[in-house]
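So the structure is just underneath, and the comments pick up after that.
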Number of protein chains: 2
Amino acid sequence: MAASPSVLILHPRLTLFATSLRPFSLIHHQFSLRPPTPSRLPILFARSRNHSSSISPLPTATPLSTDDSKETPHAGRSGSVSSPPFQAADYSQKIDVNPPKGTRDFPPEEMRLRNWLFQNFREVSQLFGFEEVDYPVLESEALYIRKAGEEIRDQLYCFEDRGNRRVALRPELTPSLARLVMQKGKSVPLPIKWFAVGQCWRYERMTRGRRREHYQWNMDIIGVPDVTGEAELISSIVTFFKRIGITARDVGFKISSRKVLQEVLSFYSVPETSFSKACIIIDKMGKIPLEEIKKELNSVELSTEAVDELLQVLSMKSLTELEEKLGAAGEAVSELKQLFSLAEKFGYSEWIQFDASVVRGLAYYTGIVFEGFDREGKLRAICGGGRYDRLLSTFGGDDIPACGFGFGDAVIIELLKERKLLPELPLEVENIVCSLDPDLQGAASSVATVLRGKGQVFKRAARINARRLILVGSSEWQRGMVSVKILSTGEQYEVNFDELG
Amino acid sequence: MAASPSVLILHPRLTLFATSLRPFSLIHHQFSLRPPTPSRLPILFARSRNHSSSISPLPTATPLSTDDSKETPHAGRSGSVSSPPFQAADYSQKIDVNPPKGTRDFPPEEMRLRNWLFQNFREVSQLFGFEEVDYPVLESEALYIRKAGEEIRDQLYCFEDRGNRRVALRPELTPSLARLVMQKGKSVPLPIKWFAVGQCWRYERMTRGRRREHYQWNMDIIGVPDVTGEAELISSIVTFFKRIGITARDVGFKISSRKVLQEVLSFYSVPETSFSKACIIIDKMGKIPLEEIKKELNSVELSTEAVDELLQVLSMKSLTELEEKLGAAGEAVSELKQLFSLAEKFGYSEWIQFDASVVRGLAYYTGIVFEGFDREGKLRAICGGGRYDRLLSTFGGDDIPACGFGFGDAVIIELLKERKLLPELPLEVENIVCSLDPDLQGAASSVATVLRGKGQVFKRAARINARRLILVGSSEWQRGMVSVKILSTGEQYEVNFDELG
């Protein structure tokens, strides 16, 4: 692996109580992911009062005495920061140090995991020729007010801004996509293949460990009317799973079509306006009692007979059985058959299965719907998507055939934890530069600048743990030398500053 | 450059009016950044009615007839999407297709620019050994309510959530950083070196083309009391500028210290509580009339004599002059001198200049302050930062010495445009796979899967324009062959499917 340009300067700290060099392993340890002791250990490199700061061979790691951990954590600065004549602060009560309920901070170790996940989202999307887009996290509330009574509507994070506009933190990305497609109009040639990774907000009652925000990966194809679109979307997700170590034994896709429901409801002459409402109700199956489902379906003008027939069809797990019921002529069966045939050509047949009970909880789906699930059945849906050919007309635009999916960052991380597939993501530092004497801070700066300059010929920083410690001591510096310690082996040598690379 | 794994499938479109193959340059053109004509041109590849879809040598680009652009934009799908029995839509008035006032969409070309900018932020931060972090975009309002009367307080995007909590979209990142540092407490060893790239919101009156959201790059060092911290931060920004082609002729840094003001106000026995208020007032110099400034300073208990002296000191552009005025013993002068000396060692002296008028507009700065400016004087400050050793105690915590900067995504883009330094960022597609016959969609899927599979041996997709078009035609496919067209040269040849790579 090429040398990384990453350079960290350790700033010397002057304290009254530290008089000797700490073992080097301590410095290294400072930058490890999880310090083995909970105490904060300031860097206590200091100039000894009675001898020069030349570097002697270094001891190996010694356990820290308990005295050290009793030192006040910020004692290191006490000598250097004088009390100023003015205090800007209004000394207040201690604030709540936690992020708002249902939200997260991303300290470094969490951020590395997020970046790793997002990088995989991005690379897979690009592999499939999709272009990245984004939209404002704050959108007009009107974009999310649909009449089908989805959960999403009751969970909007909405408010009135200072200009009296009703706005909302986006609960999903698809309405923004639709808005942007309408805005671009004829200036963008079809098909559009876009992806996005964005934060979404839902004000949920904080049950079941759910959060109020999550990041969602979306891929959407606008302008492709046939199931090649859905087939390619599922292929992308399968590629993503394989890439992060998830197999068809861990995860599967349940696939159905809303046209199955359409054909049943059509047979029973159920009015058009009941369709998306019925889908939302059916999506609650397994979450609320069946009697409740039936009652709700009755209330949107489905007869008891239609409900019974519907529930019977929804229990089907075989395409052949469905074909026997609905006939081969309808779109529901022919599109599903085409999708299963394409899956074979794409090479992911073992990942997918027909399951008529899948309808998904968003009002706007019109055709194929799918969801990724964990085969052990412990987790919520991992991702979900489908065809939404008529979303644009709900916004007053001309419809364009479209399909897409949403893939959250929460359940996949739970799954990776369960399967012990979380990646090890160490901190990325190549060199640590450390001056042992405050008078050598300038020298240490020059050393760091030279190393960074040489590093910049590489396009990307290689991602590895700190490899070397470069020590700038006065007696060496006078001879134009610096000390280099290879942290993995403990090997230590001097090198001419001009030859450092 | 290594072959890229990026593969795009073109979906065949059946239309009644298209009977012949379009020139290939049209397909390529579809994926260029800005189409030269405003009309949307659907892909009109189609099976000709009377002959097989074998591929004949392709004509070069011909201008599109105006008849084409008169075709309805979505005509391509009309044959394939049947009208379903149910319509989920409530046909509504057309929504506002623009993002909320003051916010932005990021269509692909804007997103490529944003990603390029953020990638440079990240790579420079990592080069300097900083770790990435993030915080919720929605924070408790209390985090931003300071008593110094900064602009930021009047511009909060705040509201009450459904649980009656006062929350705000973050206007800046530093208070969240402080909160997280307090939360982590002793579990994180000092010094902390963190960076973040996050969206921030301010409800501004939409004058001067300002937006209500921007992305901000922050780098912060927590636990380093001396100016090596500030020196390293400025070095990072200089490295960033150089990387994107900005030189010391384009941009400079004005540097001062709030301790200059402290020492003057202390001499005139101005009360402590006036300090940060005075800084906020002084930051308005040049934006509101001088008489107004003087009046406001009087109102925070500065005598007319103190104000006159202050304004005289603030006009200084020379450290020597400042030293003559304040003496060499004070922290203001000694820290500034040390910073200029370190700048020489870091190698960026030509980028910086002392300018006592710089105070920055945030209440919490306590020492060195700096701002990056465009030397032609056309633009607002490009970035700004400084030392804030006492922020944590305003939140009820124990202070830790700290410094950092914020660098927005707006002014730098304006500057790059002015200097004609905006990068060319073409779409990243290596192969386009296109089937000429709907019956060959499965074959095209297999071709794409094979190409993507081979591509995955490369860690990252190489970033180039579409290079090849792979055509799956029926007569070739029967012989196990596909056609490959190199888009840059027009060269076309057949290749055995098994040998495609």
Simple spin-label model, 7 Å along Cα-to-Cβ: residue B:353 to residue A:273 in nm?
-> 7.1 nm
What nm distance separates the two modelled labels at residue B:115 and residue A:424, each placed 7 Å from Cα along Cα→Cβ?
-> 3.0 nm
Solvent-accessible surface ranking, highest first, for A:277, B:147, B:294 at 1.4 angstrom | B:147, A:277, B:294
Take the Cα gyration tensor of the stretch B:281-323, multiply each eigenvalue by 5, square-root it, and list the three semi-axes largest first, rounded to whole angstrom.
-> 20, 13, 7
Here FRET efficiency (C-beta to C-beta, residue A:204 to residue A:478, R₀ 51 Å, nearest 0.05) is 0.20
Set of aspartates and glutamates with alpha-carbon distance to residue A:277 below 14 Å, sequence-local pairs under 8 removed | A:150, A:151, A:296, A:301, B:90
For an R0 of 30 angstrom, estimate the FRET efficiency from the Cβ-Cβ distance between residue B:142 and residue B:242 and round to the nearest 0.05.
-> 0.15
Chains A and B, summed buried accessible surface - 1.4 Å probe, Å², nearest 100 = 12800 Å²
Please report, as a whole percent, how much of the solvent-accessible surface of the stretch A:234-279 comes from carbon and sulfur atoms (probe radius 1.4 Å).
-> 47 percent
Taking 0.36 nm per residue of separation and subtracting the Cα-Cα distance, what length does fully extending residue A:266 through residue A:317 add?
-> 16.2 nm
Pairwise centroid distance, computed over Cα atoms, of the stretch A:389-404 with the stretch A:326-343, Å = 23 Å
Please figure out what share of the DSSP beta bridges in the stretch B:108-418 is antiparallel and state it in percent, rounded to the nearest 5.
-> 85 percent
With the convex hull built on the Cα atoms of the stretch A:108-418, state its orientation-averaged projected area in nm².
-> 17.1 nm²
Would you please classify the overall shape of the stretch B:186-252 from the alpha carbon gyration tensor, given that a ≥ b ≥ c denote the square roots of the eigenvalues, rounded means a/c under 1.5, and beyond that prolate means a/b larger than b/c while oblate covers the rest?
-> oblate
Would you check the accessible area of residue B:116, probe 1.4 Å, heavy atoms only, in square angstrom rounded to 10?
-> 50 Å²
Between residue A:491 and residue B:183, take the C-beta separation as r, use R0 = 45 Å, and let me know the FRET efficiency to the nearest 0.05.
-> 0.70
List the distances, in nm to one decimal, from the label point of residue B:290 to the label points of the same position in every other copy, shortest first, placing each label point 7 Å from Cα along the Cα-to-Cβ direction.
-> 8.6
Computed over the Cα atoms of the stretch B:269-397, what is the convex hull's projected area averaged over all directions, in nm²?
-> 9.5 nm²
17 Å Cα-Cα reach of residue A:193 towards lysines, excluding residues that sit fewer than 8 places from it in its own chain = A:184
Rough spin-label spacing in nm, given labels placed 7 Å along Cα→Cβ, for residue A:329 and residue A:292 | 4.1 nm
Report, ordered by chain and residue number, the lysines lying within cross-link reach of residue B:337, taken as a straight Cα distance under 19 Å and ignoring same-chain residues fewer than 8 apart.
-> B:254, B:259, B:317, B:325, B:345
So for A:445, A:318, what's the accessible-area order with a 1.4 Å probe, most first?
-> A:318, A:445
For the stretch B:322-442, what are the per-bin percents of Cα-Cα distances with bins 5 Å wide, up to the bin holding the maximum?
-> 2, 8, 12, 15, 14, 12, 9, 6, 5, 4, 3, 3, 3, 3, 1, 1, 1, 0
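The values are calculated or read from the model by the stated rules, or taken from the named source; none is laboratory data. Predicted model, so just to flag it, every value in this text is computed and none were measured. Positions of Cβ are generated from backbone atoms using ideal geometry, with glycine treated the same way; all protein chains shown enter the neighbour counts. Areas reflect the complete protein model, heavy atoms only, side chains present, ligands, DNA and RNA absent. Shrake-Rupley method; radii C 1.70, N 1.55, O 1.52, S 1.80 Å.
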